[in-house]
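Beneath this line is the structure, given in structure tokens, with notes to follow.
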Amino acid sequence: MERLRKYGFVAAFLAVPVALYSVFVISPYIQAFQISLTDWNGYKSRLHYIGLDNFTRLFGDEVFWRALRNHGILLLVLPLVTVVIALFFAFLLNLGGGTRGAGMKGIWGSRFYRVVFFFPQVLAVAVVGVLFKAVYRPDESGVINGALVKLGLDPVGWLVEPNLALWAILAVMIWQAVGFYVVLFSAGMAAIPKDYFEAAALDGAGRARLFFSITLPLLRDTIQVGWVYLGIAAFDGFALILVLAGDKGEPDGATTVLPVEIWKTAFTYSKVGYASAMGVVLFFLTVTFAVLTLRTTRRERIEL
Amino acid sequence: MASTSSDTATSRPAGMSRPATTPRPARPRPGVLGGLSHLALFIWALLIILPLLWTFLASFKSNTEIFGDALQLPGQLRLDAWGRAWDKAHVGQYMLNTVIVVFFSTLGTMLFGSMAAYVLARYQFFGNRVIYYFFVAGMAFPIFLALGPLFFVVLQFGLLNSHIGLVLVYIAYSLPFTVFFLAAFFRTLPDTVAEAAAIDGASHTRTFFQIMLPMAKPGLISITIFNVLGQWNQYLLPLVLLTDDKDKWVITQGIADISTIAGYEADWPSLFAALSMAIIPVMIVYIIFQRQIQSGLGAGALK
């Protein structure tokens, strides 16, 4: 009787979540793999399998390679720059005040900075995109160009120059991300026992030495997590690029990424099969990245 | 800026006179370095505050002012753009829609997520591991992979362009992380309390709602914040699932749309007013709950 009650309870609690999850998450994912092998346009009632044609076509598609190149740039720059800036700030905020009295202190005003730095993280990416579209306006009505003109320089077409647009968008991504990683790394630094720093400071280690010899090695796991998160973010970028650069990745595809192409191919061009093939490629790229990062950076844990 | 660096310069020597804990003579600590650290932090803070402040100020400007010198203050305090953004550009409607959708989807996510996590974490039964990994696997898939098929699944259920459809989809896509996080949390709770409740004759359901949930409060708060923010900021899913019916749009869609419209209707002040309206409530909530939000999101990432 009690066993029956237990199983009844388990089944009742799992029924709704499992049903919702299966219908709206798992089934679309499975269908995506299936549809990627067809030329389905969303209306035909029967699936027509065309083997790997979508993938062959995709690998000959210039836009696909351009999107991939952009992901490559994002993947190299976004994690690196964000992690470096965030580590620097986190270190200053937590330990930059030097040894005073009982332990290491943060720099003066660190609480204020932490609150301000983190704020962009809670703003919607779409809202941030619209905001920066105004900031980046190509004439003096944009904030940056307004300042440049004031200084007697020529305005720069941040989002118009093909060689500049992706970097301008990347800057917004970094702008939004840094605060989160400052908080993440700060939490990691707070977990490092204070005596380590005090002992090192007693031995005459400077701030740079403290950072490279104590903070960095002990923060390795946290940094690795951050790196994976940022890398996965580099395979997204949808909302920001759609708002800042439009669905063609203006100027002239220079900023396009796979998510934007998937969305456009599926819903503007109704090529659901082709779009799903892109989705499959994106999936394998993301998973490969995550596994590679976790594998290559794995190492003996340092026990605190 | 000058005042900050001079603050550091004057506060340094006080910090330098090391207390008795250090036997060594105070190492000369370069005040320049401290000043530069402050400068770096200060500049980054400005980089964040200025664009937001500028947006806010631009909502009081006229069109001519907006297209003139960007760094000028508004000539007078014009409030009409705020009214236009609220009514004509439907920001009020979009906000209300977002609040409704996020309220129900977060509620549903927390209810179903904690139910599933609890059962998976604390009950032994056949298939437990399989169902757990079935949920957790969802975290590895990019949502873009499912985009096309998801549209047609929602269409088949007749839930396209409806808030119910969006709420259900939000719940479904928030489950993997919520279950993963909360299962880890429920596992850490002591068995004794639940056993005592069972001996006193409490049913499984009652034990869950009246004993285990209150004990899991810290974990629930973190993951609730995580879900509210994620769902409030969602842009892709509404873009796909609520395309046609403008009355049902959420705020992110609305703002992106106003940005496009502002181009040909030449009503830039109301774009900035709309932006401010989207930012200010979030800012107020953030300032009130910033501790919980920071630790909530941080805990979420580290699990």
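Being at the interface with chain A (Cβ under 10 Å from one of its Cβ atoms), modelled with pLDDT of 90 or more and not in a helix (DSSP H, G or I) is the requirement here; does B:Gln253 meet it?
No: the conditions fail for B:Gln253.
Would you point out which residue out of B:Leu220, B:Leu166 is touching a Leu at 6+ places or on another chain (Cβ under 8 Å), surrounded by 20 or more Cβ atoms within 10 Å (Cβ to Cβ) and either in a helix (DSSP H, G or I) or among the hydrophobic types (A, V, I, L, M, F, W, C) (or both)?
Matching residue, one of B:Leu220, B:Leu166: B:Leu166.
Hey, among A:Val23, A:Val63, which residue is touching a helix residue (DSSP H, G or I) at 6+ places or on another chain (Cβ under 8 Å), surrounded by 15 or more Cβ atoms within 10 Å (Cβ to Cβ), assigned to a helix (DSSP H, G or I) and away from chain B (no Cβ under 12 Å)?
Of the residues listed, the single one that is touching a helix residue (DSSP H, G or I) at 6+ places or on another chain (Cβ under 8 Å), surrounded by 15 or more Cβ atoms within 10 Å (Cβ to Cβ), assigned to a helix (DSSP H, G or I) and away from chain B (no Cβ under 12 Å) is A:Val63.
Determine, yes or no, whether B:Thr178 is without any contact (Cβ under 8 Å) to a residue 24 or more places away in the chain and either under 18 Å from the mean Cα position of the chain (by Cα) or in the same structural domain as B:Ile131 (by TED's automatic domain parsing) (or both).
Answer is no for this residue.
Just give me the residues in the range A:145-173 being crowded, with 19+ Cβ neighbours inside 10 Å, within 26 Å of the chain's Cα centre (by Cα) and assigned to a helix (DSSP H, G or I), in sequence order.
Those that are crowded, with 19+ Cβ neighbours inside 10 Å, within 26 Å of the chain's Cα centre (by Cα) and assigned to a helix (DSSP H, G or I): A:Ala165, A:Leu166, A:Ala168, A:Ile169, A:Leu170, A:Val172, A:Met173.
Just checking, how many residues over the range A:177-207 are hydrophobic (A, V, I, L, M, F, W, C), surrounded by fewer than 16 Cβ atoms within 10 Å (Cβ to Cβ) and outside any loop (DSSP other than H, G, I, E, B)?
3
For the range B:73-92, enumerate the residues that are part of a helix (DSSP H, G or I) and either in contact with a Lys or Arg (Cβ under 9 Å, 6 or more places away or on another chain) or among the β-branched types (Val, Ile, Thr) (or both).
Within the range B:73-92, B:Ala81, B:Val91 meet the criteria.
A:Ala199 fails exactly one of the following numbered conditions: (1) within 11 Å of another protein chain (Cβ to nearest Cβ); (2) free of Cβ contacts under 8 Å to residues at least 24 places away in the same chain. What is the number of that condition?
(1)
I need the full set of residues from the range B:199-217 which are farther than 14 Å from B:Tyr123 by Cα and in a helix (DSSP H, G or I), in order please.
Hits for the range B:199-217 are B:Ile199, B:Arg206, B:Phe209, B:Gln210, B:Ile211, B:Leu213, B:Pro214, B:Met215, B:Lys217.
Within the range B:118-142, restricting attention to residues that are more than 9 Å from chain A (Cβ to nearest Cβ), under 28 Å from the mean Cα position of the chain (by Cα) and surrounded by 15 or more Cβ atoms within 10 Å (Cβ to Cβ), which residue is nearest to A:Gly8 (Cα to Cα)?
So the residue we want is B:Ala121.
Which one is surrounded by the fewest Cβ atoms within 10 Å (Cβ to Cβ) among residues in the range A:127-144 that are free of Cβ contacts under 8 Å to residues at least 24 places away in the same chain and among the small types (Gly, Ala, Ser)?
A:Ser141
Could you figure out which of (1) within 12 Å of chain B (Cβ to nearest Cβ); (2) in contact with a strand residue (DSSP E or B) (Cβ under 6 Å, 6 or more places away or on another chain); (3) touching a residue at least 60 places away in the same chain (Cβ under 8 Å) isn't true of A:Leu47?
All conditions pass for A:Leu47, except number (3).
Could you identify the single residue in A:Phe55, A:Phe91, A:Phe33 that is over 25 Å from A:Leu170 (Cα atoms), within 11 Å of chain B (Cβ to nearest Cβ) and part of a helix (DSSP H, G or I)?
A:Phe33
Just to be sure I understand the filter: pairs with C-beta atoms under 9 Å, separated by 6 or more residues or on different chains, first member in the range A:169-187 and under 17 Å from A:Arg137 (Cα atoms), second member of a type in the set (Ser, Thr, Tyr) and not in a helix (DSSP H, G or I). Which pairs pass?
Pairs that qualify, where the first residue is under 17 Å from A:Arg137 (Cα atoms) and the partner is of a type in the set (Ser, Thr, Tyr) and not in a helix (DSSP H, G or I), are A:Ile169/A:Thr255; A:Val172/A:Tyr136.
The values are calculated or read from the model by the stated rules, or taken from the named source; none is laboratory data. Since this is a predicted model, take the numbers as computed values, not measurements. With ideal geometry, Cβ positions are generated from the backbone for all residues, glycine too; neighbour counts draw on all protein chains shown.
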